Amino acid sequence: ATAFVPMYGTLWSFRYASAASDPSALDPGLLRQRMADRLDPAPGFANAAMWPALFAADPIIAEAGSHPAGRVIVDAEPDFPDAFDVV
């Protein structure tokens, strides 16, 4: 997922991972059923048919990840840059 973060003045990406399951392998029919059972009203911004697209590679994220100044911030090293520091 990506979002523009005004505090940092740039696009940030968020990645979620699991060693226990693969959400991209979820059957679309099962997903439709779960959404119908659990969500009332149905979300207006997403549906089960969109599920595979959520796991497609994003070329913008790939380009950002290969940028020399790009960094991945992880829980073990939560170093958040301050956009207001003068370089």
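Rule-based calculations on the coordinates, nothing more; no lab input. Computed from a prediction, not measured in an experiment: that's the story for all the values here. Because the Cβ atoms are built from the backbone with ideal geometry, glycine has one as well, and the counts that use them run over all protein chains shown.
Of A69, M50, M7, which is farthest towards the positive pole of the chain's charge dipole, taken about the Cα centre with +1 and -1 on the beta-carbons of Lys, Arg and Asp, Glu respectively?
M50
Amide H to amide H under 5 Å from T2: which residues, 5+ apart in sequence or cross-chain, H placed 1.01 Å off N in plane?
Under 5 Å from the amide H of T2: F14.
Work out, in µm²/s and without decimals, the Stokes-Einstein translational diffusion coefficient of the range 6-71 at 20 °C, 1.002 mPa s, Rh from Kirkwood over C-alpha pairs.
145
Mind checking the full-extension length gain between A62 and A49? Use 0.36 nm per residue of separation minus the Cα-Cα distance, one decimal, nm.
Full-extension gain reported as 2.2 nm.
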